[in-house]
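Read through the structure below, which is laid out as structure tokens, and then see the notes.
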Amino acid sequence: MDMKKEKIVCPYCGKTNTWAPGNIYRPFCSERCKLIDLGDWADEKFRIPLQPDSSEDNIPEPDDDNDT
Ligand SMILES: [Zn+2]
């Protein structure tokens, strides 16, 4: 079994950390960085603009002119 410790870099703060099997916050260095990153991700999600509801302009008019 290879027990060598992998060096990782926290995606958020860039701090070098050890990828320990017991590090539940990996690949982040700490719980704080993980929570902040997740928060940013959620914020990005909410920042996605809603698609403009322009479908009303594309709905074909009812055939009111149809005299049959
Ligand atoms: Zn970090």
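Bear in mind that the values in this text are calculations on the coordinates, not laboratory data. Everything quoted here is computed from the prediction, not taken from an experiment. A quick note on method: Cβ atoms are made from the backbone with ideal geometry, for glycine too, and the neighbour counts reach across all protein chains shown.
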Mean separation of Cα contacts under 8 Å (6+ apart) over length of the stretch 6-47, as relative contact order %:
32
Of 12-22, 26-36, ordering from highest average Cβ density within 10 Å down gives 26-36, 12-22
Just the projected area, averaged over all directions, of the convex hull on the alpha carbon atoms of the stretch 6-47: how many nm²?
2.8
